[in-house]
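Reading through the structure tokens given below for one structure.
The values are calculated or read from the model by the stated rules, or taken from the named source; none is laboratory data. From a predicted model like this one, the values you see are computed outputs, not experimental measurements. As a convention, Cβ positions derive from the backbone with ideal geometry for all residues, glycine included, and neighbour counts pool all protein chains shown.
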Amino acid sequence: MSNQRPIGIFDSGFGGLTVARAVIDLLPEEDVVYFGDTARYPYGPQPLEQVREYAEQITNLLISKHDVKMVVIACNTAAAAALGSLGEALEIPVVGVIEPGAQAVIEVSRRKRIGVIGTVGTISSGAYQKTIEEIAGINAEVTCIPCPGFVEFVERGESSGEQIQILAQRLLAPIVEADVDALLLGCTHYPYLARTIGSTVGESVVLVSSADETAFAVAKILKETNLETSQRKLGNRTFISTGDVSWFAELGQRLFGPELESAESHEWSTGS
């Protein structure tokens, strides 16, 4: 396999840009193709079987059209739904955000009282509960809470304000009551709401995003599989959206940075 091929990263929309940002910052010479399925977001409330179909469809597109050497599922819901099946079916490496995030939150939690927030789909899948238990055993007390509504605010470009604060106070009340000392943001959209989340749960609670840890996992796997690029220049960045590409580029640039100048359009059709 050629190590000059790009890394494919996908999410339901903008949240996975946190992972893409971390990957590009850590591995600036790697080519990256980012796919935001904004026409079908949010994934969180949808049945996991449907999300699995989306994930398989996007992965097939990244492989067939962009010849990616690795797939990064930068969406917790999609990772919970499809990481296992895609990992078994594909010859190229597949990386999710759940295990790196779980490992990180266990490491920073001193009292092993851990909170996890995510979409309805991610939390109901039990993926984080299972992964944290596998890593930490019975030594950790885990409180997992779904936070419907957070993703929609981010996808509209809203990261602060009275409405978000009121929603956060209501949704995060069980986290506060559980007296956690570390909170895993189990959705790649949530880091954009970190200030609101942090002020709600209190400054003594350490917030953990899986983006950086996922990037480290990507780097490790590329090295282990001899897929690191040999080019010595900044990699190419390609951004694709299934929704309004002008809005994707406008909001994406605010969230991601100036590299996201424009986005390509992909429209789903039968067989695509």
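Quick notes
- Scanning the stretch 88-110 for residues that are part of a helix (DSSP H, G or I) and within 30 Å of Ser64 (Cα to Cα) gives Glu88, Ala89, Ile98, Glu99, Pro100, Gly101.
- Residues satisfying the criterion are present in the stretch 88-105 (criterion: in contact with an Asp or Glu (Cβ under 7 Å, 6 or more places away or on another chain), within 30 Å of Thr38 (Cβ to Cβ), among the polar types (S, T, N, Q) and buried (at least 17 other Cβ atoms within 10 Å of the Cβ)).
- When Ala89, Ala82 are checked against the criterion of being of a type in the set (A, V, I, L, M) and either within 24 Å of Gly149 (Cα to Cα) or not assigned by TED's automatic domain parsing to the domain that holds Leu27 (or both), Ala82 stands alone in meeting it.
- Taking the stretch 177-272 and the strands (runs of 3 or more DSSP E) fully enclosed by it, the elements with 1 or more residues that are modelled with pLDDT under 95, farther than 16 Å from Ile7 by Cβ and touching a strand residue (DSSP E or B) at 6+ places or on another chain (Cβ under 9 Å) are at 206-209.
- Conditions (1) exposed (fewer than 15 other Cβ atoms within 10 Å of the Cβ); (2) out of contact with any Gly (no Cβ under 8 Å at 6 or more places or on another chain); number of the one not met by Arg254: (2)
- Of all residues in the stretch 230-272, exactly one satisfies the criterion of being of a type in the set (Val, Ile, Thr) and touching a helix residue (DSSP H, G or I) at 6+ places or on another chain (Cβ under 8 Å), namely Thr238.
- Just one of the listed residues (Thr77, Thr38) is more than 20 Å from Ala102 (Cβ to Cβ) and either of a type in the set (Lys, Arg) or touching a residue at least 12 places away in the same chain (Cβ under 8 Å) (or both), namely Thr38.
- The listed residue being more than 17 Å from the chain's Cα centre (by Cα) and under 20 Å from Ile240 (Cα atoms), out of Arg21, Arg5, Arg52, Arg40: Arg5
- Some residue of the stretch 32-50 being part of a helix (DSSP H, G or I), farther than 21 Å from Gly121 by Cβ, out of contact with any Cys (no Cβ under 8 Å at 6 or more places or on another chain) and of a type outside the set (Val, Ile, Thr): no
- Residue in the stretch 10-26 that is surrounded by fewer than 24 Cβ atoms within 10 Å (Cβ to Cβ), closer than 20 Å to Ala249 by Cα and not hydrophobic (A, V, I, L, M, F, W, C) present: yes
- Residues in the stretch 131-151 that are in a helix (DSSP H, G or I) and surrounded by 14 or more Cβ atoms within 10 Å (Cβ to Cβ): 7 in all.
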